[in-house]
Amino acid sequence: MVKLSFRECGERMIAHLRGKIIHKSPSLSIIDCNGVGYEVLHTPFTSEKLRAEVVSLHIHTHIREDALQLFGFADVEEKRMFRDLLRVSSVGPKLALTVLSGLPYGELIEALRSRDLTRLQKIPGIGKKTAERLSLELGDKQLADYPVEAIGPMGAVSRDGELESVLLNLGYQKSEIQKVLSKVRSESIVGLEEKVKLALRELTNPGSARMN
C-alpha cells in the first residue's frame with residue numbers, strides 16, 4: 001500500500017467544490033457544502049461569475065504550516081494559469097492570485113506572450129523584476145496552447161461591465177454606479193481591484209477620490 005505524506009494528502013484533498021454561497025466579496029467567498037463552510041480565495045473575475053445560489057468551483061489546495069488555503073476558479077483554464085504562475089521563481093499563491101486579478105484573462109495572456117512589461121507592471125504589487133521574471137519564465141512557448149478566447153467573459157466583458165457587476169454585488173444601485181464610471185475611466189488604472197477601490201471612495205465621498 002502506498003503511503004502519502006500530509007502534504008500529498010492535503011494537495012489531493014479538495015479539487016472541486018459545489019455548494020451554496022453564504023458570503024461573497026470580490027476576493028473571497030464562503031461556500032456551504034453539506035453544512036460545512038469552506039473559505040475560498042478567488043479573483044474578482046471568478047467572483048463576478050458566482051451569481052447562482054448553488055455554484056461550482058475548481059479548487060487548488062495550498063498547504064501552509066498549520067492550515068489549508070483554498071483557491072477557487074470558475075474556469076479550469078484560470079486554475080491552470082494559476083498553477084503555471086506558481087512554477088515561476090519566487091511566485092507564491094498570493095502573488096499568483098494578484099497577477100490573475102490584475103488583468104482580464106485574455107489581456108494577461110497577451111501581455112505575457114508579447115513580454116509587455118509596461119502592462120504587467122500596472123498590476124498592483126508587480127514591479128519590474130517580477131514582470132521580467134513572469135514574461136521570461138512564462139513566455140510564448142509555455143503559453144502557446146492557451147486558448148485566449150476559450151474562457152469567454154473573462155477576456156471579453158468590458159471593464160465597465162466587470163466593475164458594474166462587482167458594485168451591484170456590493171449592494172449599489174445602477175444609477176449610483178453610472179455616476180462614478182466616468183471618474184474611473186478618467187484614471188489610468190488597469191486592475192479591477194484598484195478600480196473598485198476608487199469607485200467605492202467616490203461613492204462614499206463624491207469628488208474626493210483621486211489616485212496618486
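The values are calculated or read from the model by the stated rules, or taken from the named source; none is laboratory data. Remember, it's a predicted structure, so these values are computed and weren't measured experimentally. For neighbour counting, all protein chains shown are included, and Cβ atoms are generated from backbone atoms with ideal geometry for every residue, glycine included.
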**Study point:** Conditions (1) under 24 Å from S165 (Cα atoms); (2) at pLDDT below 95: number failed by A67
**Key:** (1)
Check your understanding: Within segment 120-141, is there a residue that is among the basic types (K, R), within 29 Å of M13 (Cβ to Cβ) and out of contact with any helix residue (DSSP H, G or I) (no Cβ under 6 Å at 6 or more places or on another chain)?
Key -> no
Point to revise | Among residues of segment 97-106, those that are part of a helix (DSSP H, G or I) and touching an Asp or Glu at 6+ places or on another chain (Cβ under 9 Å), counted | key: 6
Review point. Which one is farthest from M81 (Cα to Cα), of the residues in segment 115-143 that are free of Cβ contacts under 8 Å to residues at least 24 places away in the same chain and outside any helix (DSSP H, G or I)?
Key: G127
Review point. Inside segment 153-212, can you point out the residues that are more than 12 Å from E48 (Cβ to Cβ), in contact with an Asp or Glu (Cβ under 6 Å, 6 or more places away or on another chain) and at pLDDT below 75?
Key: A209, M211
Practice item. Could you run through segment 1-34 and say how many residues are modelled with pLDDT of 90 or more and either more than 24 Å from N169 (Cα to Cα) or in a strand (DSSP E or B) (or both)? Key: 17
Practice item. Taking V55 as the residue in question, decide whether it is closer than 16 Å to G125 by Cα, touching a residue at least 12 places away in the same chain (Cβ under 8 Å) and of a type in the set (A, V, I, L, M). Key: no
Exercise for review: Among what's in segment 10-50 and is of a type in the set (K, R) and loosely packed, with under 12 Cβ neighbours inside 10 Å, pick the residue that is farthest from F73 (Cα to Cα).
Suggested key: R12
